[in-house]
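**Q** Encoded as structure tokens, here's the structure I'll be asking about.
Any read-out appearing in this document is the output of simple, stated calculations on the displayed coordinates, not a laboratory observation. Bear in mind the structure is a predicted one, so any value in this text is a computation, not a measurement. As a convention, Cβ positions derive from the backbone with ideal geometry for all residues, glycine included, and neighbour counts pool all protein chains shown.
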Amino acid sequence: MSKTDTRDALLTTAIQDLRDANELLAKRLPGIVEHVEDAGLGDLLRRAVEKAEADCKRLIETGRGEGGDPNIWMKGVLDDADRDARTIAAGPLLDTALIGAVRKGKAAAIVSYETAIALADGDLASSLEDLRQGDIADDRALRERLGAIAATPD
């Protein structure tokens, strides 16, 4: 395995990593949404799937998004969400745990976008910032939904 040794190569790796994270989210989140009971949360997560699909396409359109290694941090987040769906009773507790899992993935993506933006310039940096801002908005909406669900009595 060769080492990444230029700023440009690191930028490509970062974009490939983000593309794979979005691809994983788009493929695996629908199976997790099936376990959600809160209608508002279900809507937010279905929109997150649509956003992940669109973001994946936008990252490929940069000319740097295809290929790369599997994204291990998003895989781990989604593995945890799958485990939660199998081991936590359906209802507000599971919905709360699933919000936490998805927010962990969003937090990691936001930080990864910041790395890519720091390496990029011009239109590419602006495009990546738009994608980052979308994840920030998603995280904010999930945090607000968490408050509503957590206030639900057992």
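**Q** Which length gain, in nm to one decimal place, applies between Gln133 and Asp80 when the Cα-Cα distance is subtracted from 0.36 nm times their residue separation?
**A** Here the segment from Gln133 to Asp80 would lengthen by 16.6 nm.
**Q** Say each of Lys27 and Glu66 gets a label point 7 Å from the Cα, pointing the same way as Cα to Cβ; how far apart are those two points in nm?
**A** It is 1.7 nm.
**Q** To one decimal place, what orientation-averaged projected area in nm² is obtained for the convex hull of the Cα set of the stretch 78-154?
**A** Average projection, Cα convex hull of the stretch 78-154: 5.4 nm².
**Q** Place +1 on the Cβ of every Lys and Arg and -1 on the Cβ of every Asp and Glu in the stretch 77-127, take the dipole about the Cα centre, and give the residue among Ala107, Gly91, Gly122 whose Cα lies farthest towards its positive end.
**A** Gly91
**Q** Then there is this: Using alpha carbons only, how many degrees (0 to 90, rounded to 10) separate the axis of helix 7-33 from the longest principal axis of the chain?
**A** Result, in degrees: 20.
**Q** Which value in deg cm²/dmol, rounded to the nearest 500, describes the helix-derived mean residue ellipticity at 222 nm for the chain, given -39,500 (n - 2.57) per DSSP H run of n ≥ 4 and division by the residue count?
**A** -28500 deg cm²/dmol, from helical runs alone.
**Q** Further question: How far, in degrees from 0 to 90, does helix 39-61 lean away from the longest principal axis of the Cα atoms of the chain, to the nearest 10?
**A** Taking Cα atoms only, the helix is inclined about 10 degrees.
**Q** Charges only on Cβ, +1 for Lys and Arg, -1 for Asp and Glu: so what's the dipole of the chain about the Cα centre, in debye to the nearest 20?
**A** Roughly 160 debye for the chain.
**Q** Label points 7 Å out from Cα along the Cβ direction at Arg7 and Ile88: separation in nm?
**A** 4.2 nm
**Q** What is the Cα radius of gyration of the stretch 1-120 over 2.2 N^0.38 Å, N being its residue count?
**A** 1.14
**Q** Obtain the nm distance between the two label points defined at Thr152 and Glu34 by a simple spin-label model: each point lies 7 Å from its Cα along the Cα-to-C-beta direction.
**A** Result: 2.0 nm between the two label points.
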